[in-house]
Amino acid sequence: MSTAKKDYKKITTKSLIDMKAQGEKISMLTAYDYTMAKIVDSAGIDVILVGDSASNVMAGHETTLPITLDQMIYHASSVVRGANRALVVVDLPFGSYQSDPKEALRSAIRIMKESGGHAVKLEGGKEIKDSIKKILNAGIPVMGHLGLTPQSIYKFGTYTVRAKEEQEALKLIEDAKLLEKLGCFSLVLEKIPAKLAQQIAESISIPVIGIGAGSGVDGQVLVIHDMLGMNNEFSPRFLRRYMNLYEGMTSAISQYVEDVKSKDFPNEKEQY
Ligand code: KIV
């Protein structure tokens, strides 16, 4: 296996499959707006996910359920304008694909047409296979999402690690193989045991991107607000914080308040 990194000018679904074949790990982060997408893209990320986690981190909802298709399209179109190299994957929000395959296709088409995103992501396996097929038949690339699927939080009742029991693990393996067979180009595995995630990644040819799924998968994804430390209250074991932006921003803003109050800002050089 060659370890030489290929220089991908633009990331496509095929690039990700090539990366897996060549043993190159895939980097993925969320973004929800133009400025953040531009920074993330220029830092060299492979995939930008316009996640429905926007419902939590952008809109302040407790779950991902309330965000609408129109809101996802707004976020995604802003991200697309900021991304030059990365592949932009957009979450189909809760309620936009579960009722029937035709509705799922209509929602996916709206995302592709109105946002300019490059692919869609859906949560679930066997239960939504007809919807996935319908979307794929229209030529729209699909990323799967198994394990902890936050759109089903009220069914699970908790955000704890999934598939620790054998029965759930077996269903997960079956679902992952089904998604590969249907033609999904990639798959997210969220919050499952690392051993199981590695076993799945090794048993299918499409790239498996993990979040809380250990190091034996083909790539990693994190929510940008979490990895930049913008939210001090969310500290799951799988999260690595690369900055403490919450503290950095708070102290910068406090300093600004102080400077305005004390008439230090603006000074002579900062005015016309
Ligand atoms: O919405 C999201 O941010 C996601 C990631 C956690 C994978 O689906």
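The values are calculated or read from the model by the stated rules, or taken from the named source; none is laboratory data. Everything quoted here is computed from the prediction, not taken from an experiment. Here the Cβ positions follow ideal geometry from the backbone for every residue, glycine too, while neighbour counts run over all protein chains shown. Accessible surface is based on the protein model in full, side chains and every heavy atom, while ligands, DNA and RNA are left aside. Shrake-Rupley method; radii C 1.70, N 1.55, O 1.52, S 1.80 Å.
Numerical summary
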quantity	calculated
Values of log10 I(q)/I(0), in the order q = 0.11, 0.16, 0.18, 0.22 Å⁻¹, for the stretch 198-269 under a Debye, Cα-only, solvent-free model	-0.48, -0.70, -0.78, -0.92
Under Karplus coefficients 6.51, -1.76 and 1.60, residue-wise ³J(HN,Hα) of the stretch 146-157 in Hz, glycine/proline x	10, x, 6, 10, x, 5, 9, 4, 6, 7, 6, x
Exposure of residue 106 as accessible area (Å², to 10), given a probe of 1.4 Å and all protein chains	150 Å²
Solvent-accessible area of residue 225 with every protein chain in place, 1.4 Å probe, in Å² to the nearest 10	30 Å²
Estimated FRET transfer efficiency when R0 is 51 angstrom, pair residue 127-residue 38 (beta carbons, to 0.05)	0.85
The chain shape via C-alpha gyration tensor axes, a/c threshold 1.5	prolate
Too-long pairs where the Cα-Cα distance tops 32 Å, listed order kept, from 10/155; 20/133; 6/164; 20/164	10/155; 6/164
Extended-chain gain in nm, criterion 0.36 nm per residue less alpha-carbon gap, residue 259 and residue 113	47.9 nm
Sites matching GluC sites (Glu not before Pro) across the stretch 112-214 that sit in DSSP coil, with at most 10 neighbouring C-beta atoms within 10 Å	165
Alpha-carbon centroid distance for the pair the stretch 208-272 / the stretch 48-127, whole angstrom	24 Å
Helix-only CD estimate at 222 nm, as mean residue ellipticity for the chain, using -39500 (n - 2.57) per DSSP H run (n ≥ 4)	-12500 deg cm²/dmol
Partner aspartates and glutamates for residue 181 [C-alpha distance under 17 Å; skip if fewer than 8 residues away on the same chain]	123, 127, 130, 202
Relative contact order [Cα under 8 Å, 6+ residues apart], the stretch 24-77, whole percent	32 percent
